[in-house]
Every structure is written in C-alpha cells, then in structure tokens.
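**Q** First the structure, which I've put down as structure tokens, then a few questions once you've had a look.
The numbers here are math on the coordinates, done by the rules we state, and not lab data. Keep in mind that this is a model prediction, so the values were computed, not measured. We place every Cβ from the backbone using ideal geometry, glycine too, and count neighbours over all the protein chains shown.
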Amino acid sequence: MPSSLRARSFVTLALLPALLIFLTFGIVPIIWSAYYGFFDWSGLGALKFVGLDNYEMMLQDPIFWRALKNNLILVASAIIGQVPIALLLALLLLKNSMFNRIIRSAVFMPMVLSTVVVGLIWGYIYQPQFGLLNTMLDMLGLDSWVRAWLSDPKVNMYAVSIPINWANIGPYLVIFIAALQNISSEVNDAAKIDGAVGFRKLFYVTLPIIWDTIIVTIILCISGSLKAFDHVIVMTGGGPAQSTELLATYMYNNSFTVYRYGYGSAVSTMIILISALLIGLNYFITKRRS
Amino acid sequence: MLPMTNASAAGSRSATWRKPFRLLLKLALFLYAIVTLYPLFWLVISAFKSNQDFFNHPFGLPLEWQIENVTRAWELGDMGRAMFNSTLVTISSVVLTIVLGTLAAYAISRFQFKLSGAVKGLFLLGMLIPIHSTLVPLFIFMNKINMLDTYWSLILPYTAFELSIAIFLCIAYMASIPKEVEEAALIDGNGWWGVFGRIILPLCLPVIATVTIIAFLRFWNDFSFALVFINSQALKTLPLSLSLFSDGYGTDYALTMGAMLIAVIPTIVIYLIFQEQIMKGMVAGSVKG
Amino acid sequence: MKKRFTWVVTLIALISLLAAACSSGSDTGSNEGGSTEKVKLTIWHNFAGDDLRAKAVRGLIDEYKKNNPNVELDAQAIPVDGYRQRLSTVAAGNEMPDVFFVYAGSQSQEFYDAGLLQPITPLAEEYPDWKANFMDGAFDRFEFEEGQIYSAPVGLSATSFLYYNKDLFERYNVTVPTTWTELMTAVKTFNDNGITPIALGNKAPWVAQSTILGSLADRVTGTEWFLKAVKGEASFTDQVFIDALAKFKELVDNKAFQEGANSIDNTQAEQYFIQGNAAMMISGAWTLTNLAASATDEQMAPIEVTTMPAIEGGAGAPGTISGGAGGGFALSKNTEGAVKEAALDLIYAISGPDGQKAIAESNSMVMYKMDLENANVSPLYLKAFNVAKEAGITPVYDAYLSAEAGEAINNGLQEIMMGGKLEDVAKKLQDAQARSTQQ
C-alpha cells in the first residue's frame, strides 16, 4: 500500500471518532438550540414560528447591550490580566525548585475550589459593613473610597471581574508551563550562543516558539469570558437591577426562569456569533503581527 | 537554560542589586501564594464550625472542631456512592478526551488534507458553546436514543465539550515538536500509528497532563448535566450532594462546607500528581528532543 | 484499500457496540409483563435537604411506600437550586414524572397553560371534609378552571412578618411601630444611634418584593386593585401604585436598610439582625426555620414578631400579612389508569390531613386549619403561627404576576434602591404583565 494512502487512512481513523462524538453531542444540540431561537416558545407546550423577531427584540433590549458590555469588560480584563500574569508566573516558576513547586500549587488552588467558596470569600472581602476591603480603606484613612462594592453599579462589574480573573489564572499557568518546557535544549543553547539572553531572548526566541499557545489562550479567554456564568451567579446573581448581567446569565434567566425559552436560545446563538466574531478579529490581528 | 537563569547570567554586571531583587521577587511570589491559598484554608476551618460559629466568627478558627459536619454530610449526601460515580464518569471522560483529542490533534497538525481548515474551525466552534443552551436539545436527543440515566449520558457530552480545548492545546503544543523526529521514525519502519504511539504521545506528556487537569476539574464540578441527565439515585454525582443543604431561603453552611471539603480533596490530589507529570515530561522531552 | 475498508467496518462496529451499551443500561425492567402487577410510579420534589420540613415530607413519602407494597415508587429528591431547571428541561421534552412539586404562581400557571397537568379533583370529591378544611385562598393559584383543582398546597408561605429586637427597642426607648409615622420615627431614632433600622438581604431580588412590597403596596392600594391590575383592568402605572412605590422609596431615602443591602443575601441579613446590628427585619416564615437552625437561645430571646404597621390614608386593611399557598403536588397529564389511582393516593398521603399535620409540626406553616400542640413546635414559631392565624392574608406579588413581570418588579425594587425613577419601574412592570395577559 502506498504511503499516501496509508496516511489518508490514518487521518480518517484518527479524526473520525473525535468528530463523531463532537458532532453528535456538541454541534447537533447547538444547531437544534439555534433553531429554537426562531420560535416564540415558553419552553413548554406549543412552538410558534416568529422568524427573526427574537433577534430584533434582543437588539432593542438595553439589558442585552449592558450584558454585552459587561462581557467585554471581562474579555478585556482576561486578556490584559490573566494571560500576562500567567505567562509571567510561568516564566518565574519554571525551574523545579521546592519553593517554585509550592508556589505553583498555590496559584492553582482557587481553580480547584468550588465557585461557591470563591464567591463567599470575596463576598466577605467586599462586604459593605465589616468587609476586609472597606476595613482596610478605613484604616488607611481612605474613607471616601469606602463603598458597597458589589451593589454600586458604577464599580460592581469591575469588582466582580477581579475574583474571576484571580480564580482563572491557574489553568493558564499550567498551559504556559507545559508549552515552555517543550522548548528543546538545543534551541536554548543556540540562543545562548547567539547571545540572546534576558528580554531579548524572551521576545525573539521564547515568545515566538510558544506563540501558538498564546493564541490558544487568548481564544480561551474570549470564549471563556463570553460564557462566564458561575462566579457572577454566586456573587451578585447578575444584579442589583441587572447591573452585572452577563450574556450567559441573561440567556439562562430567559430560558429557565421567565419561560422565554425561544428568546433564550436566540441569545445563546448570539453568544456564539459574538465569540466567533471576536476570535476572528483576534486571528486577524495576531496574523498581521507575526 | 531557562529565561530566569539567563537573566541572572546577563545580570552579572549588576550583581550588587541582583540578590535583593530576587529576594524581593520571592517575597512577592510568596505573598501571592498566600492570597491564593487562603480560600482553601478558609474552607478547611469553616468545614469544622457550627453554623453559629460560621456566622459569628467568619475568619476565626473553630471554637469547637465539629468533625461531624464532614461525617454527616458524607452520610446525608450519600457521598460515598456519589464519589464513586464521579470518579468513574470523570476518569472515563478524561481518558476518552485525551485519546480522541491527541489523535485528532495529531492528524490536524501533521497532515495536509482538503478539509483540515474546516475541521479545525468546527472544533473551534465547540469552545464557544454556552452549555446551558444545549441542555434541552441534549435531553430530548438522549431521551430518544434511550441514553438518559446512564453513565454515557454524562461521559459523551463531557467529552464532546472538552475535545475542542484538548485539540487546540495539543495542536499548539505539537507545532513546536520538530518534524525530523517523526521522519526518522518513519524511515525506521514505524507506521503512523507507531509514530503516534511511540514518539508523539510520550513527547506530549506535558500537554496531556495539562488537559487532564483542566478536564478533570470541569467534569468533577459539573452541576447542570449531572442534574438533568441522571435520574437514578444510584448514578448521582458529587455536585448534586453539594447543593443539598440549601433550600432557597437559607443554607446550612456547616454541612455545605463539610461536603465541599470532601469533594475538593480528589481535585487537589489530581492536580499535585499531574503537575509533577508536566515537570517529568520536560525531562523526557528534552532528552528526546 | 481493502485494509481501509476493514478499519471503517471495525469502527462502525465499535460505535454500534457503544450505542448498544448505552441503551441497554437505561431500560432496566420496563414493560415487565403483567404477572407481578406492580404499579410503577415516579415522584419528583425538592425536599432534599436536612431541615425539618424536608425530613417530614420525605417521611410521608416513605410511609406511603411502606403502606403500598404493590407500588414501585421512584422518589426523586432534587436540590432546590436545580429543581426549576430540571423540571423545565424535562417539561420541554414532555417527559414529566407522574407526580411532582410545583410552586404556586407562575410555575403552576405555565405548566397548566402548556397542558402538562390534570386535575386532582377526584380527591376533593372523595374527601370533601379535607378540601373544606383548607384556609381561604388556598386553591387560588391551583384552580385554573371553575370547580377543578390541580394541586393542594402543602405549605403556607407567609412572607411578611415584622420581626423586631425587643431589647433594642427598650434601650432606645422606641415604641414598636403600628403606624407608618411611628415606623419612620423608629427608623430615625435607630439611625441616630448607629443601629441599622431594618436588616435586608436583597441579593436574590425576590426578597424585597416578597417580604416588603407585598404588604406595603396592599396597605396603600388595597387587594382589589392589585387583582384588577394583574388582569389588566387597572394599570401599574396608576398613581395609587406609584404612591405605594413611593413608600418603599421613603424607606430607602431614610436609610432604613443597611448599606449594600442588594449585595448581601437573606441568610447574611438574618445573621446581621440576630447579632443585634439591626432592630427590625421584615421577612417570611422561613426566617423562623433558619434562625432555629443557626442562632443561640440568648440571641433568640429578645426576638418578637408582629405585622407590618398600618399606612394612614391607604385603601388596604391594616394588620394583614402577605402570603399564599407555597406549592403543592401536581399530577402529570400523561398519567393514566392504575398509575393515576396510585398517584392520587400518594398526593393525598402527603397533602392530606395527616400530612399537613406532620408538616406543621416541623415548624413550617400550612394552609390547613388545625390546632397545634405547643409542645411540638418552637415558641417563636408558635407566636408567628398565631399572628398569621389572626391576620388576614393578602396576595404576594410574584404569586400572581407572570414570571416576566415578577422579574420586572424584583429588579425594579433594586433599581429604586439604586436611585431609579418610580415611574420607569412601574412602566416596566406594566409592560411585562401586559405582554403575558395578551397571550
């Protein structure tokens, strides 16, 4: 058998099982859900086809735009915060000393904990009367900064985004460490011979090699932030008065709380479209840069 | 060899401030670690408090260590069985994700074929799906094919939704494995399967460990699928036990924290084991690469 | 080429094996033939926790199981946090269990509208005394057609007691408010002394609506107006409702609630109150249960309970509390024949006189008339029970509004607490309610 055919059969067999499961349990349901988006349906009983009405309603709903804005805050904070901090930590903690091992494990811990615990702890930090943050501000004489961090609509979305970023650094750290370790010793030696050290090595050798991984992490940031749900549900429930509403909580509420399942499905399709758009944009920008 | 050591080599001209700087850096890292470790510590102490104690002294040590929070949560939540189910479902899903994910990633990253772009795009789409919107379609679908209320009703959707991340991480990782290694192996008479099994998989250990950690966490903590697709008490997984002690008007924190403490231990163990695996992979990788 | 073909065949075989494994696992013993004559019955409920009421209901179900060996009962206790989602999902797939717990209000209404329920009227015909023994209004949200009931409540959700700390009132020489003016005086005095007047945990936004607005608005508008507005015969943009909202705003503007009430939850607010940081708390009967589980006896000693103060010049009666049927067990449309008989028996076993008594004795209010033996319940609960028995019951807003309108007023109250305009809130509520009555 010629090698090209062998290669082809290998590719087919390697891809098929993954594709099969992925299509059946991932893609089909999401297309199905997108289909519900064209109906006026409470989630119970009869469906009524309404075409694009749900989308029209969505674009006219100020809450949708607020949720989108809040999601974009999360995306920005994830890309500005999570990725660089995780990369920095990965670079600092790469060497396998005892100290580094302990720190590495510690950084990951918030991710291991249930969001309920993270939410409770940050609830105590932000607590308006005796919370840690306000007490500290008081002690530092910054009384004017004291506020109800989670209910003041001017600041609460930012207040919420900090714990989300803090809790999610762990996985990115692991991803970066794995990627950095894949840089072979020859490359490092070669870099040394060429005199590439310190920051120059970072920018001209290390970053280009793990560039693909960085792009994947940015994609993860975008998709993760647009799907964000758990932490906000635990910390604010999307409130007060929907000021910390996210697209996913908005979708969930419509689908399962107020019996507008069709509308909720349309929102969910919109989440995918927006994510795809942002990722396309990211692809475009990073392609140019490299 | 690593960025840090290189930086220090370069810094020989400024050796005088290098040491205090590194010390400061270590101190900063140490403080950061404390901030991230504190919640775990808080969970542990809270798990042994009475409800009064929990509210009256949220940050103090327990006035009286109540071991029975944990034992009662274990009993009431039927957590022994739930632990077994969660372990079975999670490990099956992780193994399936890794096997299928690495294979697919290898095929996509190493072979030029007509639809490779389309396949990649399709898998990318998988990362964008908000899982709550798939609940109703998946329920109806699995009900039709009689799959509800089996372990498969969790394993297959879990795998499907984690495959995307697994594949993308693996593709990115494989991109930096030099192709010469495989070509040599092919000439040595290995088929593609041999190359994949003998060369690629071992080289990919760090990224496999990474995917394992991330996937394990997601499967272990999933509430929505476990809630909707499983009926029999005998098949219930852990997250359902964790929310038992909250009735919508109030929460029994003593029991909730006790249950959470039980549930978090396996994830910590898995993380510690596989983190070491990432590190070992480095040694293996650098020898072969 | 041949080799490739065999691979594909192997793969297909593998996949079908997988599918077979899946399907064989699920239908354990369906269609078992008629020889055993066992009736298979499923019940879903959310009494999953460790609290007394949940244990009482589970006990009733276990007893039914014991008394009916011919019924193979599959009872599912689903955590409250996930109950709504679980039920909605299976409802979308039209795979309802035979008997299930529904909340009285928009949930029962939506399920009825979608044709998922059938009446349990046969029970009422079989046990007329039982039906007659329920309090007024018990079937308001379950009687979708004249003369047909679709469920019987297993709980009275009394949502707006005024709890107060006697010691604090004595220390600052404040009279327990019976009128709005007295309430505002109390608010001022406590604020002057650095005590929070009213503890409120409105993070889950239904709290202020259910505990405060229901009673407050009823005192201003009267019950009749509200029921008209629900049907679309009056509008929430009417001046009388704006006035009701203005009363709520008056509380907010006078700092009756602690700072950041919208970001702390009900449990935290209860703790804040019981620790003596706040003088009052307006809350439902559930607060009794929660405090019983988490407060010390010394903390409980000074706590008293009464109704919300009267509002001078308002159209509603004073001394009432808002409340209504908490929820009950309903029967799926698809349940027929022997299973239906068994299902009705099960519903009666839980909601019948014995069941109501067992639930009441778990320190939880019911809408069923009975005398409580003092020994079996906590003293504060008994006090509240007696307050509720004497007070008239007025509707809770979200039990009558559509789900969407309920959300609108919940969020609207948070908006008012953040400085929003009353007219905007009223309009959003009206729009949402109008949308649902049109259909």
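**Q** Considering only the other residues whose Cβ falls under 12 Å of the Cβ of B:T256, what net charge follows from Lys and Arg at +1 and Asp and Glu at -1? Show your work: numbers first, answer last.
**A** Values: positive: B:K49, B:R72; negative: B:D247, B:D252, C:D50, C:D81.
My count for the surroundings of B:T256 gives -2.
**Q** Calculate the dipole size of region A:1-118 relative to its Cα centre from +1 charges on Lys and Arg beta carbons and -1 charges on Asp and Glu beta carbons; express the result in debye to the nearest 20.
**A** Computed charge dipole of region A:1-118: roughly 740 debye.
**Q** Name the long-range amide H neighbours of C:L117: under 5 Å, sequence gap of 5 or more, or other chain; modelled H, no Pro or chain starts.
**A** C:K333
**Q** Kindly write out, for region B:232-245 in residue order, the coupling ³J(HN,Hα) from the Karplus curve 6.51 cos²θ - 1.76 cosθ + 1.60 (θ = phi - 60°), rounded to whole Hz, with x marking Gly and Pro.
**A** 5, 3, 5, 10, 5, 9, 4, x, 5, 5, 6, 9, 5, 9
**Q** Right, another one. Given just the C-alpha atoms of the protein assembly as shown, how large is their convex hull per residue in cubic angstrom?
**A** Looking at the protein assembly as shown, the number lands at 180 Å³ per residue.
**Q** Now for a different question. How would A:E245, C:E182 line up from fewest to most surrounding beta-carbon atoms within 10 angstrom?
**A** Starting with the residue having the fewest Cβ neighbours, the order is C:E182, A:E245.
**Q** Here is a further query. In square nanometres, what is one fourth of the surface area of the convex hull spanned by the alpha carbons of chain C? Could the numbers behind the result be given before it?
**A** Details: hull surface 111.7 nm².
Dividing the Cα hull surface by four gives the mean projection, 27.9 nm².
**Q** To continue, here is another question. Any idea how far apart A:M139 and A:L59 come out in nm if each label point goes 7 Å out from Cα toward Cβ?
**A** Each label point lies 7 Å from its Cα, and together they span 5.3 nm.
**Q** Rounded if a/c is under 1.5, else prolate if a/b is larger than b/c, else oblate: which is chain A, with a ≥ b ≥ c the root eigenvalues of its Cα gyration tensor?
**A** oblate
**Q** Something else about it: Go through B:Y32, B:S93, B:Q112 and say which Cα lies farthest out towards the positive end of the charge dipole of chain B; charges sit on Cβ, +1 for Lys and Arg, -1 for Asp and Glu.
**A** Highest projection toward the positive end goes to B:Q112.
**Q** Taking the Cβ of each residue in A:V83, C:V90 as the centre, tally the other Cβ atoms inside 10 Å and list the residues starting with the fewest. Intermediate values should be presented prior to the final figure.
**A** Details: A:V83 18, C:V90 22.
Final ranking by Cβ density, sparse to dense: A:V83, C:V90.
**Q** Considering the dipole of region A:172-242 built from charges on the beta carbon (Lys and Arg +1, Asp and Glu -1) around the Cα centre, which of A:A179, A:L207, A:V234 is farthest to its positive end?
**A** Result: A:V234, furthest along the dipole toward the positive end.
**Q** Once Rh is set to the Kirkwood radius over Cα pairs, what Stokes-Einstein translational diffusion coefficient, in µm²/s, holds for region A:190-259 at a temperature of 20 °C and a viscosity of 1.002 mPa s?
**A** Values: Rh = 15.3 Å.
So the translational diffusion coefficient is about 140 µm²/s.
**Q** Go ahead and estimate [θ] at 222 nm for chain B from helices alone: -39,500 (n - 2.57) per DSSP H run with n ≥ 4, summed, over the residue count, rounded to 500.
**A** -23500 deg cm²/dmol
**Q** 5 Å is the cut-off here: which amide hydrogens, built 1.01 Å from N in the peptide plane, fall below it relative to C:L156, excluding neighbours closer than 5 in sequence?
**A** When sequence neighbours closer than 5 places are left aside, the close amide H contacts are C:G326, C:M365, C:V366, C:M367.
**Q** Just need the relative contact order of chain A here, percent rounded to a whole number, with Cα pairs under 8 Å and 6+ apart.
**A** Contact order relative to length: 30 percent.
**Q** Could you give me the ³J(HN,Hα) list for region A:165-172, computed from phi with Karplus coefficients 6.51, -1.76, 1.60 and θ = phi - 60°, whole Hz, x at Gly and Pro?
**A** With coefficients 6.51, -1.76 and 1.60, one gets 5, 4, 6, 9, 5, x, x, 5 Hz.
**Q** Right, here's the next one. Give me the inter-chain shielding for B:52-58: mean count of other chain Cβ atoms within 10 Å, whole number please.
**A** Going residue by residue through B:52-58 and averaging, the value is 5.
**Q** Placing +1 on the Cβ of each Lys and Arg and -1 on the Cβ of each Asp and Glu in the protein assembly as shown, which of C:G319, A:P84, A:G37 has its Cα farthest towards the positive end of the resulting dipole?
**A** Going by the charge dipole, the pick is A:P84.
**Q** At A:V146 and B:S232, where each label point lies 7 Å from the Cα along Cα→Cβ, what is the point-to-point distance in nanometres?
**A** Rounded to a tenth, the inter-label distance reads 5.8 nm.
**Q** Enter the mean number of other protein chain beta carbons within 10 Å of the beta carbon of each residue in B:143-155, as an integer.
**A** What the average comes to for B:143-155 is 5.
**Q** Here's a follow-up. Give the separation of the Cα centroids, region C:88-135 to region B:143-173, in Å.
**A** 36
**Q** Shifting gears a bit: Nothing charged except the Cβ atoms of Lys and Arg (+1) and of Asp and Glu (-1): what's the magnitude of the dipole of the protein assembly as shown about its Cα centre? Round to the nearest 20 debye.
**A** It comes to approximately 5580 debye.
**Q** Could you work out the pair-distance distribution P(r) of region A:65-196 from its alpha-carbon pairs, with 5 angstrom bin width and percents rounded to whole numbers?
**A** 2, 9, 14, 15, 16, 15, 11, 7, 4, 4, 3, 0
**Q** Take each complete run of DSSP H in chain B, measure how far its Cα atoms stretch along the helix's own axis, and keep only those covering 15 Å or more with mean Kyte-Doolittle hydropathy at least 0.0; list them.
**A** Membrane-span-like by this rule: B:15-47, B:79-110, B:116-128, B:152-174, B:205-221, B:253-288.
**Q** Using a Förster distance of 25 angstrom, determine the FRET efficiency expected from the C-beta separation of B:R18 and A:F203, and round it to 0.05.
**A** My answer for the efficiency is 0.75.
**Q** Once every DSSP H run of n ≥ 4 in chain A is given -39500 (n - 2.57) and the sum is divided by its residues, what mean residue ellipticity at 222 nm do you get, rounded to the nearest 500 deg cm²/dmol?
**A** Mean residue ellipticity at 222 nm (helix-derived): -21500 deg cm²/dmol.
**Q** Moving on to the next point. Rounded to the nearest 500, what is the 222 nm mean residue ellipticity of chain C from helices alone, with -39500 (n - 2.57) per DSSP H run of 4+ residues and division by all residues? Could the numbers behind the result be given before it?
**A** Working: 20 runs with 217 residues, N = 439.
Mean residue ellipticity, 222 nm, calculated: -15000 deg cm²/dmol.
**Q** Quick one: which residues, 5+ away or cross-chain, put their amide H under 5 Å from the amide H of C:G323? H built at 1.01 Å from N.
**A** Those lying under 5 Å, H to H, from C:G323 are C:T159, C:T394, C:V396.
**Q** Remind me, relative contact order of region B:78-242 in percent, using alpha carbon pairs under 8 angstrom and six or more residues apart?
**A** Over region B:78-242, the number comes to 45 percent.
**Q** Apply the a/c threshold of 1.5 to the C-alpha gyration tensor of chain B and tell me whether it is rounded, prolate or oblate.
**A** In terms of gyration-tensor shape, oblate.
**Q** If you count, for every residue in B:71-77, the Cβ atoms of partner chains within 10 Å of its Cβ, what is the mean?
**A** Partner Cβ neighbours, averaged per residue: 1.
**Q** While we're here: Taking Cα pairs under 8 Å and at least six residues apart, what relative contact order does chain B come out at, in percent?
**A** Result for chain B is 29 percent.
**Q** Okay, moving on. If you put +1 on each Lys and Arg Cβ and -1 on each Asp and Glu Cβ, how big is the dipole of region A:61-289 around its Cα centre, in Debye rounded to 20?
**A** Values: 15 positive and 10 negative charges, 81 e Å.
Using Cβ point charges on Lys, Arg, Asp and Glu, region A:61-289 gives about 380 debye.
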